[in-house]
Amino acid sequence: MCTSITLYTKDHYFGRNLDLDVTYGESVTITPRNFLFKFQKVPDIQNHYSLIGMAIVVDNYPLYFDATNEKGLSMAGLNFPENACFFLEKADKDNVSPYEFIPWILSQCKSVKEAKGLLAKINLVNINFSDELPLSPLHWMISDQLQSIVVESTKNGLNVYDNPAGVLANNPAFDFQMFNLNNYRRLSPKVSENTFSKSLDLNVYSRGMGGIGLPGDLSSTSRFVKAAFTRLNSVSGTSEPESVGQFFHILKSVEQQKGLCEAENGEYEYTIYSSCCNMDKGIYYYTTYENSQITAVDMHKEDLDGTVLTAYPLVNEQQIRFMN
Ligand SMILES: C[C@H](CCC(=O)NCCS(=O)(=O)O)[C@H]1CC[C@H]2[C@@H]3[C@H](O)C[C@@H]4C[C@H](O)CC[C@]4(C)[C@H]3C[C@H](O)[C@]12C
């Protein structure tokens, strides 16, 4: 399972938890403006916005899990099994395969508004990257400094939803996840009045009682509610350390600890990495399951007018600061 969120303080932040039982050996990857983006069915793009994000690089192609471009537009792919449906080529559409979707949007658009323009012409076509890396059943959150949307390609076609919650998790479809929030409308960071009955003197014996009923399990519907409630009520200072710190605190509210979420193969899903990209500054921060220290890569310290990819392997060893 996975969860993605945004957070807006003075700057704007986008990131996700990547929850899985296996790692792909991903690294923080920067695609400069003159890297040749090759596409299967639409024209290649030689000059474009630069990108930073988490990816594996295969045959010199950056297969992004999540990324942000130099204008701040950001995208993450999250699992959407049994619901995602990709189609045969359509003559009157831009036929883009799911693995090309992040490069296609982020290389060309600077805002969600512009992305919506490309989405109106897109057909997510069922072409895989290779037999070893088949089609992934994903849905996507796309965000800029103002708003978020969710893109789901299902058997009914392409659905684009506005996302005022600023959160995405996994199944079921996004419209259900939003509807489900109705069931939690009574939750509050404040302790509410006793509306149970006037004839009972019910006691406020603890702080936090306004949140009783907030789900804490790792199912996708529960993570959606927990992350939305946490994000929408969270309060943060505006400095970079405070904002990045608060972002990771929100993500950690839906983190998967090893041993709690068994997959079909008997392995356990866990939060392999958590990311937080400053959309305005192009700085990609991450922690990994093994390493809770925040590591950062700044895209603007690279030659963004170059032609070759730069990949920073993840720092996975736990960093402990001994004081004596
Ligand atoms: C599985 C990952 C999403 C994590 C997630 O949502 N987990 C929830 C699991 S579940 O619902 O609870 O079963 C997704 C996110 C990005 C995906 C990767 C990216 O799309 C890049 C390539 C794309 C290739 O087609 C397949 C390999 C791949 C390297 C993908 C593998 C896998 O599908 C990834 C890593």
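Things to note:
- The GluC sites (Glu not before Pro) found in the range 185-290 that occupy coil by DSSP, while having at most 10 further C-beta atoms within 10 Å, are GLU193, GLU264.
- Over the C-alpha atoms of the range 197-324, the Rg to Rh ratio, Rh being the Kirkwood estimate, stands at 1.08.
- Using a probe of 1.4 Å on the protein chains alone, the accessible area found for SER222 is around 10 Å².
- The range 170-199 and the range 231-284 have Cα centres lying 23 Å from one another.
- For PHE80, the residues 5 or more places off, or on other chains, whose built amide H falls under 5 Å of its own are LEU138, HIS139.
- Here the range 184-218 is scanned for amide nitrogen atoms under 11 Å from the site 7 Å beyond the Cα of ASN233 along Cα-to-Cβ, giving 185-192, 208-215.
- Alpha-carbon centroid distance for the pair the range 33-72 / the range 120-138, whole angstrom: 15
- The range 1-121 - percent relative contact order, Cα under 8 Å, separation 6 or more: 21
- Mean-square fluctuations from a GNM of the chain, with a 10 angstrom spring cutoff on Cα atoms, peak among GLN40, GLN108, GLN246 at GLN40.
- Taking label positions 7 Å along the Cα-Cβ direction at both SER111 and ASN60, the computed distance is 3.6 nm, reported to one decimal.
- A 1.4 Å probe over all protein chains sorts THR238, THR154 by accessible area into THR238, THR154, starting with the largest.
- Highest-MSF residue in the chain out of LYS116, LYS90, LYS226 [GNM, Cα springs under 10 Å]: LYS90
- Residue pairs, from the table LYS10/LYS190; LYS252/LYS301; LYS121/LYS226; LYS71/LYS121; LYS10/LYS90, whose Cα atoms sit over 31 Å apart: LYS121/LYS226; LYS10/LYS90
- Percent carbon-and-sulfur accessible area, the chain, ignoring ligands, DNA and RNA, probe 1.4 Å: 51
The values are calculated or read from the model by the stated rules, or taken from the named source; none is laboratory data. Because the structure is predicted, anything quoted here is derived from the model rather than measured. Here Cβ is always computed from backbone atoms with ideal geometry, including for glycine, and neighbour counts include all displayed protein chains. Surface areas here come from the heavy atoms of the whole protein model, side chains and all, with no ligands, DNA or RNA. Shrake-Rupley method; radii C 1.70, N 1.55, O 1.52, S 1.80 Å.
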